[in-house]
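The values are calculated or read from the model by the stated rules, or taken from the named source; none is laboratory data. In this text, all values refer to a predicted model and were calculated from it rather than measured experimentally. Reconstructed Cβ throughout: ideal geometry from the backbone, glycine too, with neighbour counts over all protein chains shown. The accessibility values were calculated without ligands, DNA or RNA, using every heavy atom of the protein model including side chains. Shrake-Rupley method; radii C 1.70, N 1.55, O 1.52, S 1.80 Å.
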Amino acid sequence: MKKWLMALLALAMCLLVGQRIYREGKMLSNSKTPAEAFREMKKAAELGDKHAQYRLARCYDRGHMVERNDSLAFQWYMKAAQQGSGKAMYQVGKCYRNGEGVTINPEFAFTWFSRAAMKDNANAQYALGRCYMKGEGVVADQDKAGRWLRRAIQNPKGGADIQYRIKKHAAEGNEDARNMIQLINSSSQL
């Protein structure tokens, strides 16, 4: 029992130290060199801080402060996603959908989009609606597609941007966007 309690205490201390290092790394990005900020962020990520893991993944994903590396981006997104980061879950879904750092797998993409959508991630809700609309990784279901797309555009955290993009693409003649608008308008209210 004592060993278990000590192990739990040690884990908690690692997470607290990781969070502190992440915050310091975030502050460093404003006041010191990018290389120092990156090192501090990586240290926090390695200690298990999910926010640092997500930020580190973004660095590898975009080639910011480090050479772009899809494989490392996917690995760090996955670590953060496994700790409950909705943004990371969405990114893992994108990686599986697009084959970035991992083999394309529509079913895995759908699974991760679903998890992120349940965490109220508007981009994941949109992606989930698109999966249902097109039958990507799941059996096509236009009613579910419409409901998830409606939920995405009504989301206060990014829904307006998604709605703008859908309307813009529809106006440019994008058939998928036109179908999305029809599905949204015909879907039952949440």
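One table, with the values for the structure above:
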read-out: Flagged links, alpha-carbon separation over 22 Å, of Lys43/Lys94; Lys42/Lys157; Lys119/Lys157; Lys50/Lys157; Lys43/Lys119; Lys43/Lys157; value: Lys43/Lys94; Lys42/Lys157; Lys43/Lys119; Lys43/Lys157
read-out: Heavy-atom accessible surface of region 105-168: percent carbon and sulfur, 1.4 Å; value: 50
read-out: Lys/Arg +1, Asp/Glu -1 at C-beta; region 67-164 dipole; positive extreme among Ala117, Gly86, Pro156; value: Pro156
read-out: Per-peptide average of other Cβ atoms within 10 Å, ordering 74-80, 45-51, 133-139 highest first; value: 74-80, 45-51, 133-139
read-out: Hz values of 3J(HN,Hα) by residue in region 80-96 - Karplus curve (6.51, -1.76, 1.60), Gly and Pro given as x; value: 5, 5, 5, 9, x, 6, x, 5, 5, 4, 4, 5, 4, x, 4, 4, 5
read-out: Förster radius 22 Å - calculated FRET efficiency between Asn69 and Glu107 (Cβ-Cβ, nearest 0.05); value: 0.30
read-out: Calculated FRET efficiency for the pair Asp143/Gln83, C-beta based, R₀ 30 Å, to 0.05; value: 0.35
read-out: Accessible area (Å², per residue) of region 105-161, counting only protein heavy atoms and a probe of 1.4 Å; value: 46
read-out: Spherically averaged projected area of region 105-172 from its Cα convex hull (nm²); value: 4.3
read-out: For region 110-128 versus region 80-106, the gap between their alpha-carbon centres in whole angstrom; value: 11
read-out: Most to least packed among 109-121, 160-172 [average Cβ atoms within 10 Å]; value: 109-121, 160-172
read-out: P(r) weight above 15 Å for region 26-125, C-alpha pairs, percent; value: 59
